[in-house]
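Trainee: Below: one structure in structure tokens.
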Amino acid sequence: MESSVEQVGNVTLVRVSGSVDGLTADSLQTTFREQVDAGAVRLVGDLGGVEYTSSAGLRALLATLKLARQRGGDLRLAAVQPAVFRVLELSGFTTILKLFPDVDAAVKSFGA
Amino acid sequence: MTRRVALVIGAGSVKCAAALGLWRALNRHGIELSMVVGCSGGSLYAALMALGYDLETCERMTRQLWTREVTSERNTRGILAAIFPRLFRFDGKFGMVHDRAMGKALAGPYGGRTFADATIPLHVVATDLENGQRVVLSEGSIFDAVRASIAIPYVWRPWQVNGRWLMDGCMSDPLPVDVAMREGADVILAMGFESPYPRKVKSATRYAFQVNSIYTNNLLRANFAFHNLAHHAEIIPILPEFDRQIGLFSTDQIPYVIEEGERATEAQIPYLKRLLAELDAR
């Protein structure tokens, strides 16, 4: 898994690619946590390049979501691919996470 | 450390045959299972694998188990008892379909076999009719366990095991990864399915299937979310993708279902191998 961070207006965009699983989820969670700790609580996760997530990936996303919302922000996901969407849906995460078809829509949803 | 890999096969009728494709992929890559857990339709395959049947035999048995014949005979007395409970002495257990044909089909692979015969530890999930509790069957008759686990509400009568009346495991735990967690699994391969909806609801039996699928699917999502967050190690969802509708009795689609199960598993094999290597090195 690889991730990169960029700023789009007042939104922090984390682009993720590869597999978010038991071997990589900690790294992704650390990336998100560092942003939140630095005050960047309006987060968009671009999952357009993520082909798979396991339970560890779900835990990382949920932990980030809780942290961001506790600090007054949110984690919103963009461009979720079908295989990942199915796992999110099966685990009920689509009911608590805000998903958008692309990065632009996710960023704009913050009023940026 | 000794890592334990569990396979959990959830409810999902004919779709559960995808587990045979998963098994084929695991065998090809030499990945051994420490336990198999099955619920409802998944219990059919969990039990076949645990009993050591080869893949070809499993596929043949699938065709024999999933036939329209198993739902073709109405349980006339049961239906009359439901409508006229006093006259026909409704006994608190009900199924619209007579279980004679199903019992005959199950007797082939599971008759006379016990959990002690299993080459891989096996756990089968059912639901207690009296109190709704999930029941995990790990000893005794495999026939009884499977018959109880697939006792779809309103369709087949519950089944008595050790004095308890049990019904379909999908009522309490459609994808029982928690059983594998409790049994000490480090890595859980979770093959789950949303239960299919009948193409047309044109009979009371189909209506029962429809209603069962609705609440089973909602329960599946709720439980799976909780289990994903509760497990300390890793749950690897293996979710075959079907490009066509797989109905309740789409037995003609079984080879395709198996193939998709194999494909979905193959996609996770590289990660699974890396994960197991990491766990072995700890």
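Trainee: Could you please give the count of residues in region B:225-282 that are in a loop (DSSP other than H, G, I, E, B), free of Cβ contacts under 8 Å to residues at least 40 places away in the same chain and either away from chain A (no Cβ under 13 Å) or under 22 Å from A:M1 (Cα atoms) (or both)?
Mentor: Filtering region B:225-282 for residues in a loop (DSSP other than H, G, I, E, B) gives B:231-233, B:238-250, B:282.
Restricting the remaining residues to those that are free of Cβ contacts under 8 Å to residues at least 40 places away in the same chain gives B:232, B:241, B:243-244.
Subsequent filtering for residues that are either away from chain A (no Cβ under 13 Å) or under 22 Å from A:M1 (Cα atoms) (or both) retains B:232, B:244.
The total comes to 2.
Trainee: For region B:186-211, what are the residues that are away from every other protein chain (no Cβ under 13 Å), in contact with a helix residue (DSSP H, G or I) (Cβ under 7 Å, 6 or more places away or on another chain) and crowded, with 16+ Cβ neighbours inside 10 Å?
Mentor: Within region B:186-211, B:P196, B:Y197, B:P198, B:T205 meet the criteria.
Trainee: Given A:G22, A:G111, A:G45, which one is over 20 Å from B:V187 (Cα atoms), without any contact (Cβ under 8 Å) to a residue 40 or more places away in the chain and in a loop (DSSP other than H, G, I, E, B)?
Mentor: Numbers: A:G22 fails: over 20 Å from B:V187 (Cα atoms); A:G45 fails: in a loop (DSSP other than H, G, I, E, B).
Testing whether each residue is over 20 Å from B:V187 (Cα atoms), without any contact (Cβ under 8 Å) to a residue 40 or more places away in the chain and in a loop (DSSP other than H, G, I, E, B) leaves just A:G111.
Trainee: Can you name every residue in region B:139-152 that is aliphatic (A, V, I, L, M) and either part of a loop (DSSP other than H, G, I, E, B) or modelled with pLDDT under 95 (or both)? So that I can check it myself, show each step before the final result.
Mentor: Filtering region B:139-152 for residues aliphatic (A, V, I, L, M) gives B:142, B:145-146, B:148, B:150-152.
Residues satisfying the conditions are B:I150, B:A151, B:I152.
Trainee: Can you pull out the residues in region A:79-108 that are of a type in the set (G, A, S), in a loop (DSSP other than H, G, I, E, B) and farther than 15 Å from A:V44 by Cβ? Step through it out loud before you land on a result.
Mentor: Of region A:79-108, the ones of a type in the set (G, A, S) are A:79, A:83, A:91-92, A:105-106.
After this cut, where a residue has to be in a loop (DSSP other than H, G, I, E, B) as well, the list is A:79, A:91-92.
Those that are of a type in the set (G, A, S), in a loop (DSSP other than H, G, I, E, B) and farther than 15 Å from A:V44 by Cβ: A:S91, A:G92.
Okay, residues lined up against (1) buried (at least 24 other Cβ atoms within 10 Å of the Cβ); (2) modelled with pLDDT of 95 or more; (3) more than 21 Å from B:F242 (Cβ to Cβ):
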residue: B:T2; (1), (2), (3): no, no, yes
residue: B:I9; (1), (2), (3): yes, yes, no
residue: B:G12; (1), (2), (3): yes, no, no
residue: B:S34; (1), (2), (3): no, yes, yes
residue: B:R68; (1), (2), (3): no, no, no
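Trainee: Continuing with the same structure: Out of curiosity, is A:L28 in contact with a helix residue (DSSP H, G or I) (Cβ under 8 Å, 6 or more places away or on another chain), away from chain B (no Cβ under 14 Å) and outside any strand (DSSP E or B)?
Mentor: On the way: in contact with a helix residue (DSSP H, G or I) (Cβ under 8 Å, 6 or more places away or on another chain): yes; away from chain B (no Cβ under 14 Å): yes; outside any strand (DSSP E or B): yes.
It is true that A:L28 is in contact with a helix residue (DSSP H, G or I) (Cβ under 8 Å, 6 or more places away or on another chain), away from chain B (no Cβ under 14 Å) and outside any strand (DSSP E or B).
Trainee: Working carefully through the options B:V136, B:V155, B:V97, find the one that is touching a strand residue (DSSP E or B) at 6+ places or on another chain (Cβ under 7 Å) and modelled with pLDDT of 95 or more.
Mentor: Details: B:V155 fails: modelled with pLDDT of 95 or more; B:V97 fails: modelled with pLDDT of 95 or more.
None of the others qualify; the one that does is B:V136.
Trainee: Output the residues belonging to region B:251-266 that are over 10 Å from B:P240 (Cβ atoms) and either modelled with pLDDT of 95 or more or surrounded by fewer than 16 Cβ atoms within 10 Å (Cβ to Cβ) (or both).
Mentor: B:D252, B:P255, B:E266
The values are calculated or read from the model by the stated rules, or taken from the named source; none is laboratory data. In this text, all values refer to a predicted model and were calculated from it rather than measured experimentally. Virtual Cβ from ideal backbone geometry, glycine too; neighbours counted across all protein chains shown.
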